[in-house]
Each structure stands twice: as C-alpha cells, then as structure tokens.
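J.: Below are the structure tokens for one structure; questions will follow.
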Amino acid sequence: MYFNPPPLTHAFDLTVELDPIMEMGPGRAGQRRIIPIIGGTVTGARINGEVLNLGADWQTIFEGGLTELDTRYAMRTHDGAVIEIVNFGLRHGPPEVMARVAAGDNVDPSEYYMRTHCRLETGDPRYAWVNRQLFVGIGGRHTARVEISVYELS
C-alpha cells in the first residue's frame, strides 16, 4: 500500500538562545552533555512569542559523530498561552564540518544534517490544535543559539 506524502505547512521559526555547554563526560551510549535553554523568539503565521528561560538539550554524541538531540522547553505566545516543546532529533555531517560546529563557528546549516520531530502541548483552548498535530523541524546550530524552522504535517 502506498500513500501520497503528507504536505508540510510552515508553522513557525524558533531562535533558541543557549548558555554554554555543560560537559557530563562519557555515558552508557556516548559522550553526554547538557545545553541550557535561556530564551529566544518564536515567529510565524500561527504562533508568535518568546522561548522561556527554562529547559535544556540533553545530548548524546555517539562514536562516529552522530549527535542525538533531546530537548524540553517552553514558549509563551504573544497572547499569553504557554506551550511545551519536546524536540527530539539528529545532527551529523562530515567530521571536519562537525568539528567547526563543535568549536562554535557559524557553519552554514546546509553543510550538515539537523532534523527534529516536535511534540507541542498546551492546556490553552486557543492553541488546542497543537495537541493534535505532528511537527518536524530543520535547523542549524550557531555559537550561542539554535535556529529551527518548524513544519506542521497536514
């Protein structure tokens, strides 16, 4: 059985501001680290607001350079709704490119792969639609921020 691919609709863009990386050291699966999320912006046709100063990205870096992204944070919309974001994804690329990303260089995101799937949740009835949708993101890591364009699977 074959279904046509689902259409993607741009939902919003995230600029997520980060504190310095906290290295945890080697864990069961790879190198572990935590990157605190300290703020940012949300802009788009359906959601606008701010990323709140809470949450973090708990990363695992596997042998071979694959980074698993596991984030939990929240946004407050321009009209006061609080929406939780759970974002899980992968980042990888050529070793020399990923070394530049790790060094904090501003590397063009087209040089590596960074994709996520997002789960949004809120109790605010104005945004209840986010509880029933799936979202995917494409992004890039910069020196002190991450930028992600989030798309709704229609």
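J.: Using the count of nearby Cβ atoms within 10 Å as a rough guide to exposure, how do 22, 75 rank from fewest to most?
T.: On the way: 22 11, 75 24.
So the residues, fewest neighbours to most, are 22, 75.
J.: Oh, and also: Under 13 Å from the Cβ of residue 52, count the other residues' Cβ atoms, weight Lys and Arg +1, Asp and Glu -1, and hand me the total.
T.: Every neighbour counted, the sum reads -1.
J.: For every other residue with a beta carbon closer than 10 angstrom to the beta carbon of residue 9, add +1 if it is Lys or Arg and -1 if Asp or Glu, then tell me the sum.
T.: Value of the local net charge: 0.
J.: Still on this structure, I have one more. What does the C-alpha gyration tensor say about the overall shape of region 40-83? Classify as rounded when a/c is under 1.5, otherwise prolate if a/b is larger than b/c, or oblate.
T.: Judged from the Cα gyration tensor, region 40-83 comes out prolate (a/c at least 1.5, a/b above b/c).
J.: Any chance you could get the radius of gyration and Dmax over the Cα atoms of the chain, in Å?
T.: My reading of the Cα-based Rg and Dmax gives 15.9, 48 Å.
Each value in this text was obtained by applying a stated rule to the coordinates, not by laboratory testing. All values reported here derive from a predicted model rather than from experimental measurement. For neighbour counting, all protein chains shown are included, and Cβ atoms are generated from backbone atoms with ideal geometry for every residue, glycine included.
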